[in-house]
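The values are calculated or read from the model by the stated rules, or taken from the named source; none is laboratory data. A quick note: this is a predicted structure, and the numbers were derived from the prediction, not measured. Positions of Cβ are backbone-derived with ideal geometry, glycine not excepted, and every protein chain shown enters the neighbour counts. Surface areas here come from the heavy atoms of the whole protein model, side chains and all, with no ligands, DNA or RNA. Shrake-Rupley method; radii C 1.70, N 1.55, O 1.52, S 1.80 Å.
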Amino acid sequence: MKYFHLVWGALFRRKTRTVFTLISIIAAFLLFGLLNAVRVAFTSGSDSLAGNERLVVASRFSIMTGLPESLKARIAAIPGVEGVGHENWFGGVYQDPKNFVFSFAVDEDYLATNPDILLTPEQRQRFAQTQDGALVGEALAARYHWKVGQQIPLQSTIFPRKNGDKTWPFTIVGIYKVAKDAPNGSDQMFFLHWKYFDEANLYSQHTVGWYVVKLNSPKDADKVAQAIDALSANSDHETKTQTANAFNASFAKQIGNIGLIVEAIMAAVFFTLILLTGNTMAQAVRERIPELAVLKTIGFSNRSVLALVLAEAILLLVIGGVVGMAIASVLAPALAKGSGGMIQLPPIGGVIWIEGVVLMVVIGIVVGVLPALRGMRLKIVDALAGR
């Protein structure tokens with residue numbers, strides 16, 4: 001840009017004010033990047049069944065509604081099904097309410113349907129033979145320094161035992177590893193026996209939370225899903241068969257409309273940002289009225305002055321926005337890795353970056369247009385006279 005040095009000089013004319021404004025912009029776009037990653041993490045489940053080797057069968061009405069145990073044999077008999085396992089959400093807490101553990105009650109067949117969980121034959125055997133046995137992920141065991149053979153008490157946030165006690169005793173029978181390409185957090189799971197859970201919990205009804213179906217071939221996914229859902233059509237336990245990603249997204253939606261919550265937060269953040277940067281630009285132009293008059297005196301047109309002020313506002317937003325997005329791009333995977341899977345954020349991809357850059361330019365124009373119009377309409381005589 002021919003007059004970039006003029007724009008740059010005007011932008012940093014008041015360095016302290018500009019730096020504090022940049023910090024606000026950086027914070028806003030840092031939140032924009034992280035919150036968008038959160039939104040994508042909670043809402044990116046695909047409904048397409050094609051090409052999936054594993055399907056999840058849950059209640060059509062709510063994932064909190066159980067399915068009859070008897071449905072397992074009927075699903076297994078459908079052509080194209082290689083294996084069927086089931087699991088229930090347990091919701092365990094270790095010692096302190098802050099120590100939340102992703103815990104599930106599973107049957108032995110579930111372990112065979114999950115290729116991400118790597119178990120030795122000895123671990124499988126010990127799990128099968130130990131009623132209160134538990135399998136824990138390598139990262140989870142390392143976090144709490146658990147060892148094989150150690151007895152672990154977990155408090156369930158939902159299911160008390162039949163004696164009314166919410167503390168469940170478990171014996172660690174194996175610390176499993178995960179496949180190289182396993183989803184983040186797979187090594188943070190705690191698996192307990194479904195039969196132990198079903199027989200001991202106060203609300204036992206011989207129901208399961210959801211079924212996990214392993215297929216002989218991914219090309220049969222749609223056909224098998226239709227056959228599974230037909231088994232319970234027009235019953236009080238109608239099912240909805242979907243991919244694991246779509247199921248996880250629907251599980252997250254039980255918390256609330258994550259997308260709407262994120263959008264509301266971002267709207268509030270950017271509304272505040274517009275007020276802040278708009279005030280900064282108005283003050284900056286007001287201080288430079290005589291300078292703008294001099295520019296017009298030496299030959300700058302009204303449009304040139306308009307462009308200079310708009311360019312200053314856009315540059316301010318772009319500098320702060322790019323820095324904020326860059327920090328978010330580094331911070332998102334670092335948070336996911338550092339949390340050991342408790343926080344699972346996808347990388348901030350190109351789509352979010354494009355949205356961010358568009359927002360930077362749009363907000364720059366919005367906050368700069370009124371000061372720029374004032375500079376464009378400025379009369380040289382009045383400006384130099386201080387009127």
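Overview of results
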quantity	calculated
Pairs, first in contact (Cβ under 8 Å) with a residue 60 or more places away in the chain in region 166-186, second assigned to a strand (DSSP E or B) and open to solvent by 40 Å² or more (accessible area, probe 1.4 Å), C-beta under 6 Å, six or more apart	Ser186/Val178
Subset tally (residues that are buried (at least 18 other Cβ atoms within 10 Å of the Cβ), more than 24 Å from Asp181 (Cβ to Cβ) and either free of Cβ contacts under 8 Å to residues at least 60 places away in the same chain or under 28 Å from the mean Cα position of the chain (by Cα) (or both)) for region 68-88	2
Failed criterion for Gly174 (all others in (1) under 20 Å from Gln95 (Cβ atoms); (2) part of a strand (DSSP E or B) hold)	(1)
Selection count, region 8-17, where residues are surrounded by fewer than 18 Cβ atoms within 10 Å (Cβ to Cβ) and in contact with a Ser or Thr (Cβ under 8 Å, 6 or more places away or on another chain)	2
From the options Ser329, Ser301, residue that is more than 41 Å from the chain's Cα centre (by Cα) and open to solvent by less than 60 Å² (accessible area, probe 1.4 Å)	Ser301
Unique residue being at pLDDT below 85 and farther than 30 Å from Ala230 by Cβ when the list is Ala37, Ala134	Ala37
Candidate set from region 115-138 (those that are open to solvent by 30 Å² or more (accessible area, probe 1.4 Å) and closer than 21 Å to Asn99 by Cβ); member that is nearest to the chain's Cα centre (by Cα)	Glu138
Residue ID - surrounded by the most Cβ atoms within 10 Å (Cβ to Cβ), chosen from residues in region 143-154 that are in contact with a strand residue (DSSP E or B) (Cβ under 9 Å, 6 or more places away or on another chain) and either assigned to a loop (DSSP other than H, G, I, E, B) or modelled with pLDDT under 90 (or both)	Trp146
